[in-house]
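For reference, the structure is listed below as structure tokens.
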2 protein chains.
Amino acid sequence: MSSSSPRIPNPTASDADQTPARKRTKRVSMREVAEHSNVSVATVSMVLNNNPRISRATQARVRRSMDDLGYRPDRVAQSLSSTYTRLLAVMIPPLSHAFADTYFGEIISGIYDRAARLGHKIIIEQAKPKFIESGQHLELVERRFVDGLLCLGFIENYEFMHDLVERGQPVLSVNSHFVDLEVDSVVCDYTAGAEQAMNCLRQLGHKKVGMIIGGSKGVTTQDIMAVFKANTEELGTYDPSLIVDGRYSETGGAEAARQLIDKHPDVSAVFCSNDKMAMGAMHYMHQSGRKVPEDISVVGFDNLYVSQFLNPPLTTVHLPLYDLGDLACERIIQRIRGRREAVSELLPTHLILRESTAIAPGR
Amino acid sequence: MSSSSPRIPNPTASDADQTPARKRTKRVSMREVAEHSNVSVATVSMVLNNNPRISRATQARVRRSMDDLGYRPDRVAQSLSSTYTRLLAVMIPPLSHAFADTYFGEIISGIYDRAARLGHKIIIEQAKPKFIESGQHLELVERRFVDGLLCLGFIENYEFMHDLVERGQPVLSVNSHFVDLEVDSVVCDYTAGAEQAMNCLRQLGHKKVGMIIGGSKGVTTQDIMAVFKANTEELGTYDPSLIVDGRYSETGGAEAARQLIDKHPDVSAVFCSNDKMAMGAMHYMHQSGRKVPEDISVVGFDNLYVSQFLNPPLTTVHLPLYDLGDLACERIIQRIRGRREAVSELLPTHLILRESTAIAPGR
DNA sequence: CTGAAAGCGCTTACAG
DNA sequence: CTGAAAGCGCTTACAG
């Protein structure tokens, strides 16, 4: 320091020159804070963590040093010494527009806010086949990228959750659960929502109702179908071919609507198990010259933000997606902190009546 | 280990009991791999990092040990010893449905894929006022949560980027740039897109066109307005009151449409600077009994995925959002790795003609 | 081609 | 109430 012997530039000097690009405001470490306030790093650490064993006087002095020096604890070092990363992974399915899916978005919003309040950050990962095959879902926790995983929208290909559960890693499934896998879950009450939707259609005098579902395996889909079946059987119109798969997408919904109407031209209402398919169905009606709701009623499920702006605005079952995320986040953090018992929560749903439904034609 | 002296349970035993909940498959460290293959940890580290100085034989032996023991390098330790976290932050604005915004979603999709390919993960943060006020945007990099920030959709309140730039932290603004702040950016060619949209309307014989914008400060908004002004002046219909603010939202778009039509009932087309406002405008037309495109044409901007499913499907300017994210991610990583020169990229746009536009009425 | 050692910046018993 | 020391699991000169 005193004798600044100016070394002749050596071969690695150029390498050294690269680094300064990242020098930035030279990081201040705990050691420097300790020196500045004449205490040990242990004491600084304890002040940082509000350990009550430190006297008020020292507390104050150290805090001042921190401020004076602009100290920012290195969270990487903190994580290395402690058990947690305070990072959570949000897994979304390998669908092509998954990141732009408002359904996932609203849930993530709830997760994010709760995570922030509990001092956590979230990373997003898409469970593409290669990702799972190469075991990256396991690496996420085992290489300490995150403390736990929240899985959104997995109805099939959820074996990866099994891997995690098996190894005792914190995982939670949001809005889907399984018969063959015991994993923490937080889901909406699909049965109650479907009941209300079918009730509404019956009160409007609809006898022959079609249903567009997303796949047929999901437990929640099974729940909705059970309600649909019970109701249409009471109406005396039940027929398995009234149920068509719309693969949860807009295009799928449009195709399913065509298929349904071709086969059953006398259907006066269509109940869709999500808003995207309802949107596709309405799109098909519009393109094929049918008027909603005058000619045919459409009911959705989810109550996405956009659904109120459709033409006509969509009648749909409201799902508390934000709250779902909020609760899921709280529960996974409890699990991370040591909760042992499995958890499975159910959130209430309700119908939102808008303009895509009307009295059955000819009534 | 040999003499298992069964200690009497002490006060802290219960604490110790909590921890095992997180024991999981007892982590394997580099030291154990080293012992297992009779080399030093330095060698294991070098094998892990494919350092060519290690002989093929040792390479193989160590790799086997890794596999046998199920070794997973602790990325927290790796980050502590190296310069990078290999984490990127994606900042979104403090709008209420920002997480569920498909515009951001498509960009993030591009960011994610590129990041994954370059060995990075992404965390999402919303720049709420409190977040910025408490300096958390700085903590993000200075506490080593991430290596750099990608900012989406900031048109106002972008001072926080200044803080970062000032301290030499890697930041990049996606699809917005500023006159008073030099920051890396990747944006779409709004001028060219607007030209095409206006051209299309003129060819369809529209003389009196209204415009719905999102705020008036953004550089890109200025670009669009300049094109709008130039074109309507040529048509001899320019009037500042033909431009109304729709705040980039569906509701804002609906209100702006009402305002515009109340003041100028003879407007035959409306050009909106994003699809959400166009959707709101179409919603207002529908609710007020006007037919799109027979009575009035509507053009959007963004080409969101849903726009093709609207009734009628929306004519709009396509923005390469996925590519935008992809390129932005590549550029921020170059910056993190030491690039010094500022970067500002422009991506091409083009009009997508659908059914919300038609020949001007009475032509 | 490989190893011993220092260091990254924290936390946490342990001792006083 | 506070400090010295070990440890978290890696990487990286340095030496041989």
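Using a Gaussian network model of chain B with C-alpha springs under 10 Å, which one of B:PHE99, B:PHE301, B:PHE271 is most mobile by mean-square fluctuation?
Looking only at B:PHE99, B:PHE301, B:PHE271, the largest GNM fluctuation is found for B:PHE99.
Sorted by packing (mean other beta-carbon atoms within 10 Å per residue), highest first, where do B:135-143, B:332-340 land?
The densest-packed peptide leads the list: B:135-143, B:332-340.
Can you classify region A:190-319 as rounded, prolate or oblate using the Cα gyration tensor, where a ≥ b ≥ c are the square roots of its eigenvalues, rounded means a/c under 1.5, and otherwise it's prolate if a/b beats b/c and oblate if not?
Judged from the Cα gyration tensor, region A:190-319 comes out rounded (a/c under 1.5).
Hey, can you rank A:122-128, A:165-171 by average C-beta count inside 10 Å, highest first?
Ranked from most to least packed, the peptides come out as A:122-128, A:165-171.
Please grab the % of Cα pairs in chain A that end up more than 37 Å from each other.
That tail contains 40 percent of the Cα-Cα pairs.
Whole number please: convex hull volume per residue, Cα atoms of region A:27-73, in Å³.
Per-residue hull volume (Cα only) is 57 Å³.
Return the lysines within reach of A:LYS217: Cα separation strictly under 18 angstrom, same-chain partners fewer than 8 residues apart disregarded; answer none if there are no such residues.
A:LYS229
Please determine, in degrees from 0 to 90 and to the nearest 10, the orientation of helix B:250-263 with respect to the longest principal axis defined by the Cα atoms of chain B, where the helix direction is its Cα long axis.
So the helix axis and the longest Cα principal axis differ by about 10 degrees.
At 7 Å along the Cα-to-beta-carbon direction for both A:GLU345 and B:ARG117, put a label point, then send me their distance in nm to one decimal.
3.9 nm
Using protein chains only and a probe of 1.4 angstrom, how many square angstrom of A:SER297 are accessible, to the nearest 10?
0 Å²
Give the average, rounded to an integer, of partner chain Cβ atoms located within 10 angstrom of each Cβ in B:69-78.
Mean inter-chain Cβ contacts per residue within 10 Å come to 5.
State to the nearest 20 debye the size of the charge dipole of region B:29-73 about its Cα centre, where the only charges are +1 on K and R beta carbons and -1 on D and E beta carbons.
Working: 7 positive and 4 negative charges, 39 e Å.
The calculated dipole for region B:29-73 is roughly 180 debye.
Could you sort the peptides B:191-198, A:178-185 by per-residue average Cβ neighbour count (10 Å cutoff), highest mean leading? Mind showing how you got there, number by number?
Numbers: B:191-198: 22.0, A:178-185: 15.9.
Peptide ranking by packing, descending: B:191-198, A:178-185.
When the Cα centres of region A:233-305 and region A:118-183 are compared, how far apart do they sit, in Å?
33 Å
Compare the Cα positions of A:ALA77, B:ALA360, A:VAL227 along the charge dipole of the protein assembly as shown (+1 at Cβ of Lys, Arg; -1 at Cβ of Asp, Glu; about the Cα centre) and return the one farthest towards the positive end.
Working it through, the farthest residue towards the positive pole turns out to be A:ALA77.
Rounded, prolate or oblate: which fits the protein assembly as shown when a ≥ b ≥ c are the square roots of the eigenvalues of the alpha-carbon gyration tensor, with rounded for a/c under 1.5 and prolate only if a/b beats b/c?
Taking the square roots of the gyration eigenvalues as a ≥ b ≥ c, the protein assembly as shown is oblate.
In whole percent, and with a 1.4 Å probe on the protein chains, what portion of the accessible area of region B:29-73 is carbon and sulfur?
Roughly 48 percent, rounded to a whole number.
List the distances, in nm and shortest first, from the label point of A:ALA57 to the matching label points in every other copy, placing each point 7 Å from Cα along the Cα-to-Cβ direction.
List, nearest first: 6.6 nm.
Given B:LYS208/B:LYS291; B:LYS130/B:LYS276; A:LYS130/B:LYS128, which pairs have Cα atoms separated by over 25 Å?
Too far apart for the 25 Å limit: B:LYS130/B:LYS276; A:LYS130/B:LYS128.
Dipole size in debye (nearest 20) for region A:179-269 around its Cα centre, Lys and Arg Cβ +1, Asp and Glu Cβ -1?
Result for region A:179-269 is approximately 420 debye, rounded to the nearest 20.
From Cα pairs below 8 angstrom and at least 6 apart in sequence, can you work out the relative contact order of region A:190-319, rounded to a whole percent?
24 percent
Could you calculate the FRET efficiency of B:TYR238 with B:GLU159 from 1/(1 + (r/R0)^6), where r is the beta carbon distance between them and R0 is 25 Å, rounded to 0.05?
0.15
Any idea how far apart B:SER81 and A:GLU35 come out in nm if each label point goes 7 Å out from Cα toward Cβ?
Distance between the two pseudo-spin positions: 2.6 nm.
Sort A:TYR84, A:TYR284, A:TYR112 by accessible area with a 1.4 Å probe, largest first.
So, going from the largest accessible area down, we get A:TYR84, A:TYR284, A:TYR112.
So how compact is region A:48-141: Cα radius of gyration and Dmax in angstrom?
19.2, 58
Compare each residue of region A:268-296 in its chain alone against the assembly with all protein chains, and report those whose accessible area goes down by 40 Å² or more; 1.4 Å probe, heavy atoms.
Relative to the lone chain, where solvent access is computed with a 1.4 Å probe, region A:268-296 loses at least 40 Å² at A:MET279, A:HIS283, A:HIS286.
Once the Cα atoms of helix B:190-203 and of chain B are each reduced to a long axis, what angle between those two axes, in degrees from 0 to 90 to the nearest 10, is obtained?
30 degrees
Which residue, B:ASP67, B:ASP147, B:ASP266, tops the fluctuation ranking in a GNM of chain B built on C-alpha contacts under 10 Å?
Result for chain B, Cα springs under 10 Å: B:ASP67 fluctuates most.
Quick one: putting +1 on the C-beta of Lys and Arg, -1 on the C-beta of Asp and Glu, what dipole do you get for the protein assembly as shown around its Cα centre, in Debye to the nearest 20?
Numbers: 82 positive and 86 negative charges, 563 e Å.
About 2700 debye.
Out of B:LYS121, B:LYS130, B:LYS208, any idea which swings most in a Gaussian network model of chain B, alpha carbons joined below 10 Å?
Of the options given, B:LYS130 has the highest mean-square fluctuation.
Across the residues of A:121-134, average count of Cβ atoms on other protein chains within 10 Å?
3
Rounded to the nearest 100 Å², what's the accessible area chains A and B bury against each other, both chains counted, probe 1.4 Å? Could the numbers behind the result be given before it?
On the way: alone 19640 and 19670 Å², together 32770 Å².
Answer for the A-B pair: about 6500 Å² buried.
What average count of beta carbons from other chains do you get within 10 Å of the Cβ of residues in B:137-145? Working shown, then result.
Numbers: counts 0, 3, 3, 2, 2, 10, 8, 9, 5.
That works out to 5 on average.
Can you classify region A:198-266 as rounded, prolate or oblate using the Cα gyration tensor, where a ≥ b ≥ c are the square roots of its eigenvalues, rounded means a/c under 1.5, and otherwise it's prolate if a/b beats b/c and oblate if not?
oblate
Between helix B:102-117 and chain B, what is the angle of the helix's C-alpha long axis to the longest principal axis, kept within 0 to 90° and rounded to the nearest 10?
Approximately 30 degrees, to the nearest ten.
Could you report region B:29-73's accessible area per residue, 1.4 Å probe, as an integer in Å²?
On a per-residue basis, region B:29-73 sits at 63 Å².
Once Lys and Arg get +1 and Asp and Glu get -1 on their Cβ, which of B:VAL270, B:PRO293, A:VAL267 lies farthest toward the positive end of the dipole of the protein assembly as shown?
Toward the positive end, the furthest listed residue is B:VAL270.
Please name which of B:VAL141, B:LEU48, B:PRO170 has its Cα lying farthest along the dipole of chain B towards the positive end, using unit charges on Cβ (Lys, Arg +1; Asp, Glu -1) and the Cα centre as origin.
Towards the positive end, the residue furthest out is B:LEU48.
The values are calculated or read from the model by the stated rules, or taken from the named source; none is laboratory data. Since the structure is predicted, the reported quantities are computational estimates derived from the model, not experimental observations. No Cβ is skipped: glycine too gets one built from the backbone with ideal geometry, and neighbour counts run over all protein chains shown. The area values use the complete protein model at the heavy-atom level, side chains included, leaving out ligands, DNA and RNA. Shrake-Rupley method; radii C 1.70, N 1.55, O 1.52, S 1.80 Å.
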